[in-house]
Amino acid sequence: MKQKLYQIDAFTNKLFGGNPAAVCILETWLPDETMQNIAAENNLAETAFAVPFEKGYELRWFTPELEVDLCGHATLATAFVLFNFYNHKENTIRFLSPRSGELTVTKGLDGWMTMDFPTDDLVSVANNDQINTAIGKEPLETFKGKTDYLLIFETQKDIEDLKPNFHLLDQLDCRGVIASAKGGSVDFVSRAFFPQCGIPEDPVTGSAHTTLTPYWSPRLGKTMMTAKQLSARGGDLTCEYLGDRVKISGQAVCYLIGEIDI
């Protein structure tokens with residue numbers, strides 16, 4: 001069979017920026033092994049698969065190595081595909097994830113799309129020598145979320161200068177490590193590293209902002225914040241803290257429309 005595939009740059013308004021994701025809108029689910037093989041063949045941070053049901057779309061995400069619980073940029077990319085190529089009439093798309101529950105994406109008049117995600121639960125933990133050695137610098141604070149560690153540093157330059165040891169990061173008891181500090185031109189900046197998922201540094205990570213937003217909101221004294229991920233490709237987001245939910249907004253552009261043989 002032939003399957004349409006879209007490659008979308010998410011959290012950017014220009015080609016070759018943001019985070020690329022592949023999107024396949026299916027009629028019915030493919031075998032898990034087939035979806036994992038497609039994701040491995042694509043060799044992007046994430047490939048999203050969506051199947052329509054009566055109230056929206058079921059949605060799953062795969063890295064080249066495994067299925068993940070939540071992926072922001074590939075959700076944004078999937079919504080972009082449905083809004084622009086599948087003639088979705090309403091301004092909001094409802095997604096149902098088997099691992100993260102109900103998620104929605106709403107299209108604004110300005111071309112930005114807003115995702116509604118569950119907020120991560122953060123627990124303060126002692127600074128960890130193993131993590132500090134892997135990241136290459138001791139943070140001011142260390143937190144543990146559902147799947148990731150969050151390390152807080154003093155300045156944006158600290159984040160820009162990080163040179164992690166990916167071999168050591170791959171040995172930590174987590175999905176990945178997020179590093180963050182107050183920003184210069186934005187409220188906060190970050191970088192995110194997921195070698196255990198086959199992604200040494202993720203260009204822009206929507207799910208990381210479910211962790212970053214509840215940290216920064218009380219410390220900055222605001223619920224609406226601007227954010228930038230400082231990867232080589234870079235990405236821009238706005239985040240709104242709503243207690244048990246986080247709204248994460250961004251733009252997207254289409255890089256490629258193709259067809260794969262399965």
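The values are calculated or read from the model by the stated rules, or taken from the named source; none is laboratory data. Since the structure is predicted, the reported quantities are computational estimates derived from the model, not experimental observations. Please note: Cβ atoms are built from the backbone with ideal geometry, for glycine as well, and neighbour counts cover all protein chains shown. Only protein heavy atoms, including side chains, enter the accessible area calculation; ligands, DNA and RNA are left aside. Shrake-Rupley method; radii C 1.70, N 1.55, O 1.52, S 1.80 Å.
Considering the stretch 185-198, and only residues there that are surrounded by fewer than 23 Cβ atoms within 10 Å (Cβ to Cβ) and in contact with a Ser or Thr (Cβ under 9 Å, 6 or more places away or on another chain), the residue that is farthest from residue 147 (Cα to Cα) turns out to be 185.
Among the criteria (1) open to solvent by 10 Å² or more (accessible area, probe 1.4 Å); (2) in contact with an Asp or Glu (Cβ under 8 Å, 6 or more places away or on another chain); (3) not β-branched (Val, Ile, Thr), the one residue 219 does not fulfil is (2). Selection of the stretch 55-75 for residues being in a strand (DSSP E or B), open to solvent by 30 Å² or more (accessible area, probe 1.4 Å) and under 17 Å from residue 88 (Cβ atoms) yields 57, 58.
So, in the stretch 174-207, how many residues would count as being of a type in the set (Gly, Ala, Ser) and within 20 Å of residue 137 (Cα to Cα)?
So in the stretch 174-207, the residues of a type in the set (Gly, Ala, Ser) come out as 176, 179-181, 183-185, 190, 192, 198, 206-207.
Now narrow it down to the ones that are within 20 Å of residue 137 (Cα to Cα): 176, 179-181, 183, 190, 192.
Residues in the stretch 174-207 being of a type in the set (Gly, Ala, Ser) and within 20 Å of residue 137 (Cα to Cα): 7 in total.
When residue 7 is tested against (1) of a type in the set (S, T, N, Q); (2) part of a strand (DSSP E or B); (3) more than 16 Å from residue 84 (Cα to Cα), only condition (3) is not met. Restricting attention to the stretch 199-216, the residues that are hydroxyl-bearing (Ser, Thr, Tyr), crowded, with 24+ Cβ neighbours inside 10 Å and in a helix (DSSP H, G or I) total 3.
Among the residues of the stretch 116-145, the one identified as in a strand (DSSP E or B) and either free of Cβ contacts under 8 Å to residues at least 12 places away in the same chain or touching a helix residue (DSSP H, G or I) at 6+ places or on another chain (Cβ under 6 Å) (or both) is 117.
Out of 20, 52, I need the residue that is under 13 Å from the mean Cα position of the chain (by Cα) and not in a helix (DSSP H, G or I). Which one?
20
I'd like to verify a number: residues in the stretch 146-181 that are in contact with a strand residue (DSSP E or B) (Cβ under 7 Å, 6 or more places away or on another chain) and assigned to a helix (DSSP H, G or I), how many? Of the residues in the stretch 146-181, 5 are in contact with a strand residue (DSSP E or B) (Cβ under 7 Å, 6 or more places away or on another chain) and assigned to a helix (DSSP H, G or I). Inclusion of residue 87 among residues that are of a type in the set (S, T, N, Q), touching a Pro at 6+ places or on another chain (Cβ under 7 Å) and either part of a loop (DSSP other than H, G, I, E, B) or open to solvent by 30 Å² or more (accessible area, probe 1.4 Å) (or both) is not warranted. Of all residues in the stretch 104-157, exactly one satisfies the criterion of being open to solvent by less than 40 Å² (accessible area, probe 1.4 Å), of a type in the set (D, E, K, R) and touching a Leu at 6+ places or on another chain (Cβ under 7 Å), namely 116. Go through the stretch 23-49 and report how many residues are part of a loop (DSSP other than H, G, I, E, B) and either buried (at least 24 other Cβ atoms within 10 Å of the Cβ) or in contact with a Leu (Cβ under 6 Å, 6 or more places away or on another chain) (or both). Counting residues in the stretch 23-49 that are part of a loop (DSSP other than H, G, I, E, B) and either buried (at least 24 other Cβ atoms within 10 Å of the Cβ) or in contact with a Leu (Cβ under 6 Å, 6 or more places away or on another chain) (or both) gives 1. When the residues of the stretch 45-67 are filtered to those that are at pLDDT 95 or above and hydrophobic (A, V, I, L, M, F, W, C), the one that is farthest from residue 81 (Cα to Cα) is 62. Contact map, the stretch 181-197: first residue closer than 20 Å to residue 214 by Cβ and of a type in the set (Ser, Thr, Tyr), second residue assigned to a strand (DSSP E or B) and open to solvent by less than 20 Å² (accessible area, probe 1.4 Å), Cβ cut-off under 6 Å, separation 6 or more or different chains; pairs are 190/178; 190/180; 190/229.
The C-beta contact set for the stretch 21-47 (first residue in contact (Cβ under 8 Å) with a residue 40 or more places away in the chain, second residue of a type in the set (D, E, K, R) and open to solvent by less than 50 Å² (accessible area, probe 1.4 Å), distance under 6 angstrom, 6+ apart or interchain) comprises 21/46; 45/202.
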